[in-house]
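In what follows, a structure is listed as structure tokens, so that the remarks can point back to it.
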Amino acid sequence: MLALVTGGTRRLGAAIAARLAKAGYDLALHSHSAAEPEPALAEAIRASGVRWASFPADLADEAAVDRLFPQVIAHFGAAPSILINSASRFGADDWSNATIATMVEHYAVNAAAPARLAQQLVENLGVGQGGVVINLLDQRIVSPPVDQASYTASKLALAGITQALARALAPRVRVCGIAPGLTLPTPDYSPAQLERLATAMPLGRLPTPDDIAAAALYLVEAQATTGQVLFVDGGASMVSFERDFLFMTRD
């Protein structure tokens, strides 16, 4: 089986793709621009022997989004039946300076493109073939912080799209979401801050990329599951945080 993973050459997308490779799935790896897989993903692909190829595309460009499935089909000779929408735009605006432009830019990549790619998956399935779509959300959809306004709004939209598509595409296609917590911190976080943030989680820990990848593989193979969102966040979604994690427990 073939999986299309957007943002699949790096960070969470790469971790998910590596887990799928180890399970024997061929990989169409989307990236914003031409990029080689991260070393751990490259090793997983080599060790598993699965087929793979990379496909650069700007998900803010409607024409590029519409070319993605035809390009994958032309290369592999078959359409993906698994779609992992992992690519994401993340801006630092807040509700004092967010604009229509910033909100539309985030919506295009984080919500509209995943929805359109799900449509393309359905359009290209073979007779009697089923499929699955997994959207990467964010634990903040439960209790949105005041920060990253355009990003937050777009992830809330994608959460709603996930539920709507699960209803619209059943029974042929399952649609689910994964809502990670703070998983791959940027260099803006200090080690001490990360330790304090982990302690603030109900489970006393932050999620790892492997945790997210395990959830993705489960949903890919959970044939009786649709319309569900798995929160893989150390329990963060059970607590209301007013600010983004970056601004909490700082040194």
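The values are calculated or read from the model by the stated rules, or taken from the named source; none is laboratory data. For clarity, every value in this text was computed on a predicted model and none was experimentally measured. All Cβ positions, even for glycine, are placed from backbone atoms using ideal geometry, and neighbour counts span all protein chains on display. Heavy atoms of the whole protein, side chains included, go into the accessibility calculation; ligands, DNA and RNA do not. Shrake-Rupley method; radii C 1.70, N 1.55, O 1.52, S 1.80 Å.
Considering only residues in the range 126-142 that are in a loop (DSSP other than H, G, I, E, B) and in contact (Cβ under 8 Å) with a residue 60 or more places away in the chain, the one that is farthest from the chain's Cα centre (by Cα) turns out to be Val142. Annotation: of all residues in the range 177-191 being under 18 Å from Val232 (Cβ atoms) and either surrounded by fewer than 23 Cβ atoms within 10 Å (Cβ to Cβ) or of a type in the set (Asp, Glu) (or both), the one that is modelled with the lowest pLDDT is Pro185. Residues in the range 199-236 that are of a type in the set (Gly, Ala, Ser) and under 25 Å from Val5 (Cα atoms): Ala213, Ala214, Ala215, Ala216, Ala222, Ala224, Gly227, Gly234. Scanning the range 106-139 for residues that are surrounded by fewer than 23 Cβ atoms within 10 Å (Cβ to Cβ), of a type in the set (D, E, K, R) and touching a helix residue (DSSP H, G or I) at 6+ places or on another chain (Cβ under 7 Å) yields a total of 1. In the range 57-93, the qualifying residues are those that are closer than 24 Å to Ala215 by Cα and among the polar types (S, T, N, Q), and the one that is surrounded by the fewest Cβ atoms within 10 Å (Cβ to Cβ) is Ser81.
Here's the yes/no breakdown for (1) buried (at least 20 other Cβ atoms within 10 Å of the Cβ); (2) closer than 28 Å to Ala113 by Cβ; (3) modelled with pLDDT of 95 or more:
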residue	(1), (2), (3)
Lys155	yes, yes, yes
Gln223	no, yes, yes
Ser240	no, no, no
Leu246	no, yes, no
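Kindly evaluate Asp210 against the criterion of being open to solvent by 40 Å² or more (accessible area, probe 1.4 Å) and within 17 Å of the chain's Cα centre (by Cα). Considered against the rule, which asks whether it is open to solvent by 40 Å² or more (accessible area, probe 1.4 Å) and within 17 Å of the chain's Cα centre (by Cα), Asp210 comes out as yes. Taken over the range 207-242, the residue count meeting the criterion of being out of contact with any strand residue (DSSP E or B) (no Cβ under 7 Å at 6 or more places or on another chain) and either polar (S, T, N, Q) or under 18 Å from Tyr25 (Cβ atoms) (or both) is 11. In this structure, does Leu27 turn out to be closer than 19 Å to Val133 by Cβ and touching a residue at least 40 places away in the same chain (Cβ under 8 Å)? For Leu27, the condition - closer than 19 Å to Val133 by Cβ and touching a residue at least 40 places away in the same chain (Cβ under 8 Å) - is not met. Residues in the range 1-16 that are under 22 Å from Ala60 (Cα atoms) and among the small types (Gly, Ala, Ser): Ala3, Gly7, Gly8, Gly13, Ala14.
Within this structure, Leu197 fails the test of being in contact with a helix residue (DSSP H, G or I) (Cβ under 7 Å, 6 or more places away or on another chain), at pLDDT 95 or above and of a type outside the set (S, T, N, Q).
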